[in-house]
1. Can you find even one residue in segment 156-165 that is open to solvent by 60 Å² or more (accessible area, probe 1.4 Å), part of a loop (DSSP other than H, G, I, E, B) and closer than 30 Å to Ala52 by Cα?
2. Picking from Leu43, Leu2, Leu29, which residue would you name as being at pLDDT 95 or above and in a loop (DSSP other than H, G, I, E, B)?
3. Out of all the residues in segment 215-234, which are of a type outside the set (S, T, N, Q), under 23 Å from the mean Cα position of the chain (by Cα) and modelled with pLDDT under 90?
4. If Tyr21 meets every condition in (1) assigned to a helix (DSSP H, G or I); (2) surrounded by 13 or more Cβ atoms within 10 Å (Cβ to Cβ); (3) not hydrophobic (A, V, I, L, M, F, W, C) apart from one, which number is that one?
5. I'm checking my understanding of the structure. Among residues of segment 46-60 that are assigned to a strand (DSSP E or B) and not aliphatic (A, V, I, L, M), which one is surrounded by the fewest Cβ atoms within 10 Å (Cβ to Cβ)?
6. Among (1) among the hydrophobic types (A, V, I, L, M, F, W, C); (2) open to solvent by 30 Å² or more (accessible area, probe 1.4 Å); (3) modelled with pLDDT under 95; (4) outside any loop (DSSP other than H, G, I, E, B), which single condition is Ala212 missing?
7. Answer yes or no as to whether Ala123 is crowded, with 22+ Cβ neighbours inside 10 Å and either free of Cβ contacts under 8 Å to residues at least 12 places away in the same chain or not β-branched (Val, Ile, Thr) (or both).
8. Assess whether Leu63 counts as being at pLDDT below 95 and crowded, with 17+ Cβ neighbours inside 10 Å.
Amino acid sequence: DLAVTANDARAMERLFLGMGYPADNVALLENLDRDRLEEEVLLFAGRLRPDATVVVYYSGHGLTFEGDPQNYLVPVDMDPNVGTTAMALRQQIFKRRALPLESTVLDILKSVDPAGIVVFYDACRNAPFAVDPNARKSGGGGDSFVPARVDGTAIFYSAKRGQESIAKLAGDGDEVNLSLYTRVLVSELSANPAIRLRDLHPVLNGRVAALAREGTNGARSQDPSMEQELDYSRAPRREFCLASVLRGGEAVC
């Protein structure tokens, strides 16, 4: 029920192919059920070469739960009807039906010991359970989220903990038709694909926050955040970027 998420994913695919990534190295997964999504991550991990650098991008509904540091992906077969009003039981059911980003997706990828994993998570980071397809990627209340740090990763979040991720600004009449965060991400990486990851986040943060304020007349805020747990000793020249430029015959950020 999110009109822009398929556009988001396809825009990211075009971006990486345009940056020179071989088509065989890019897997585009759209609207999968939970089992198929996990299976596709396993198959992708099986194709990785030792010391590869992996990029994971997700646009869709996101769930978090009080006291649980993980982020959860919402597959298309997740039934929102749980048949109980008991909050603790509702959370257990939702957790079982969703797919954990850290303990499932990232653990699968880390099992082949990549040099690094870069995640772009364009989803809400507040507690469930209401969903409004017109404006945001999840709904609910309560700033209960604690970051789940994972060694060997850099995780770019479209919003800080407790915030919603804006899927489409009200009255947005342009033809971009992408979620707010992904629009800025694609724009910045298209302009400077070889930017260092440590320099990318401040740029994203500033532009997304400004557009959110301007597009909602100050009614809503969206402030991207980042967790940096990459091992720079495993990267060429001890730096990570998503593409490189040639300088003196050497590929550098």
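The values are calculated or read from the model by the stated rules, or taken from the named source; none is laboratory data. Since the structure is predicted, the reported quantities are computational estimates derived from the model, not experimental observations. Here the Cβ positions follow ideal geometry from the backbone for every residue, glycine too, while neighbour counts run over all protein chains shown. These area figures cover heavy atoms from the full protein model, side chains too; ligands, DNA and RNA do not enter into them. Shrake-Rupley method; radii C 1.70, N 1.55, O 1.52, S 1.80 Å.
1. For segment 156-165, residues open to solvent by 60 Å² or more (accessible area, probe 1.4 Å), part of a loop (DSSP other than H, G, I, E, B) and closer than 30 Å to Ala52 by Cα: present.
2. Leu29
3. Gly215, Arg220
4. The failed condition is (1).
5. Start the filter on segment 46-60 by keeping residues that are assigned to a strand (DSSP E or B), which leaves 53-59.
Still in the running and not aliphatic (A, V, I, L, M): 53, 57-59.
Details: Thr53: 17, Tyr57: 21, Tyr58: 23, Ser59: 26.
Among those residues, the one meeting the criterion is Thr53.
6. (2)
7. Values: crowded, with 22+ Cβ neighbours inside 10 Å: yes; either free of Cβ contacts under 8 Å to residues at least 12 places away in the same chain or not β-branched (Val, Ile, Thr) (or both): yes.
When the stated conditions are applied, Ala123 passes them.
8. When the stated conditions are applied, Leu63 passes them.
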